[in-house]
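The values are calculated or read from the model by the stated rules, or taken from the named source; none is laboratory data. Small disclaimer: the values here were computed from a predicted structure and weren't measured. Positions of Cβ are backbone-derived with ideal geometry, glycine not excepted, and every protein chain shown enters the neighbour counts.
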Amino acid sequence: MNPEMRGIRVRRVVTSRTGGASTAPYDSFNLGDHVGDDPGAVDANRRRLAREIGVPFDHLIWMEQIHSRTVTVVSGPLDKPVEATDALVTTVPGLALATLSADCVPILLSDDEAGVVAAVHAGRIGARIGIVPRVLDVMVEQGARRDRIGAFLGPAASGRQYEVPASMQADVERHLPGSATRTAKGTPGLDLRAGLRKQLIDSGVASVGEDPRCTIEDRTLFSHRREAPTGRIAAVIWMDSVDTGAEGE
């Protein structure tokens with residue numbers, strides 16, 4: 001069934017670091033409230049994001065990300081971030097789920113027909129311990145089907161730049177096959193997006209799209225590896241209600 005016939009439309013946004021209220025080294029559209037930035041500037045940036053995507057401020061849902069495999073189902077507006085979780089799932093139109101990153105992989109998932117969406121924070125640790133299989137299970141519990149779920153992998157550290165010790169590379173590869181690579185320097189590296197893409201496809205999802213930008217290389221994005229301390233971008237997913245055109249028919 002066309003999702004617009006059900007009265008919803010899935011929307012996605014990825015922010016950049018420009019156009020906000022934060023000063024260096026968080027300049028300027030930092031959305032992270034845990035990196036040492038002025039809280040007033042972060043609040044102003046988050047309120048601007050809510051205005052720009054057209055949702056009330058308390059409908060923009062944030063996480064206290066801790067590199068876990070914890071998934072939280074959200075059923076209504078909130079006035080503070082969801083504590084100690086790394087994925088949010090909802091079936092409620094108008095709730096915008098946000099994941100923060102500055103090298104980790106932001107993942108946005110949706111079964112448009114069922115009306116189930118998710119935002120996931122997948123860093124090296126979370127990807128290694130299985131945050132993605134867990135969030136897929138929760139989406140199915142909420143009515144999604146794996147063969148209808150579409151995935152989007154946002155900007156992240158690329159395998160060209162993400163250099164790690166050989167022992168760490170081998171450990172992550174054991175848990176997330178397809179993630180091991182060689183960097184541009186010829187040293188051991190990790191391409192988490194490649195491993196996560198393989199994991200998603202092997203899990204039976206319908207499609208996987210990707211923003212290929214490398215946060216370490218692209219200075220319009222924040223990168224903890226390039227310049228810490230620094231800010232965080234956000235990837236956001238939500239469902240809009242749409243006019244089905246059925247009235248009067």
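Table for the structure above
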{"quantity": "From ASP79, ASP38, ASP33, ASP86, residue being under 25 Å from ARG11 (Cβ atoms) and surrounded by fewer than 16 Cβ atoms within 10 Å (Cβ to Cβ)", "calculated": "ASP79"}
{"quantity": "Residue tally, condition of a type outside the set (A, V, I, L, M) and closer than 24 Å to SER110 by Cα, over region 216-244", "calculated": "6"}
{"quantity": "Counted residues, region 1-15 - those being outside any strand (DSSP E or B) and modelled with pLDDT of 95 or more", "calculated": "1"}
{"quantity": "Matching residues, region 175-211, being farther than 26 Å from VAL140 by Cα and either part of a strand (DSSP E or B) or without any contact (Cβ under 8 Å) to a residue 24 or more places away in the chain (or both)", "calculated": "ALA180, THR181, ARG182, LYS185, GLY186, PRO188, GLY189, LEU190"}
{"quantity": "Residue that is farthest from the chain's Cα centre (by Cα), among those in region 110-134 that are crowded, with 24+ Cβ neighbours inside 10 Å, over 23 Å from SER223 (Cα atoms) and among the aliphatic types (A, V, I, L, M)", "calculated": "VAL116"}
{"quantity": "Count - residues of region 146-158 that are in a loop (DSSP other than H, G, I, E, B) and in contact with a strand residue (DSSP E or B) (Cβ under 6 Å, 6 or more places away or on another chain)", "calculated": "3"}
{"quantity": "Residue within region 217-233 that is touching a helix residue (DSSP H, G or I) at 6+ places or on another chain (Cβ under 7 Å) and at pLDDT 95 or above present", "calculated": "no"}
{"quantity": "Residue pairs meeting the criteria (Cβ under 8 Å; at least 6 apart or on separate chains; first free of Cβ contacts under 8 Å to residues at least 24 places away in the same chain and over 12 Å from HIS59 (Cβ atoms), in region 83-100; second acidic (Asp, Glu) and outside any strand (DSSP E or B))", "calculated": "GLU83/GLU64; ALA84/GLU64; THR85/GLU64"}
{"quantity": "Selection count where residues are surrounded by fewer than 19 Cβ atoms within 10 Å (Cβ to Cβ) and touching a Pro at 6+ places or on another chain (Cβ under 8 Å), scope region 60-76", "calculated": "1"}
{"quantity": "Which numbered condition ARG232 fails, given (1) over 15 Å from the mean Cα position of the chain (by Cα); (2) touching a residue at least 12 places away in the same chain (Cβ under 8 Å)", "calculated": "(1)"}
{"quantity": "Checking GLN161 against (1) within 30 Å of GLY115 (Cα to Cα); (2) not in a strand (DSSP E or B), the condition it does not meet", "calculated": "(1)"}
{"quantity": "Residues (assigned to a helix (DSSP H, G or I) and crowded, with 24+ Cβ neighbours inside 10 Å) located in region 136-145", "calculated": "LEU136, MET139"}
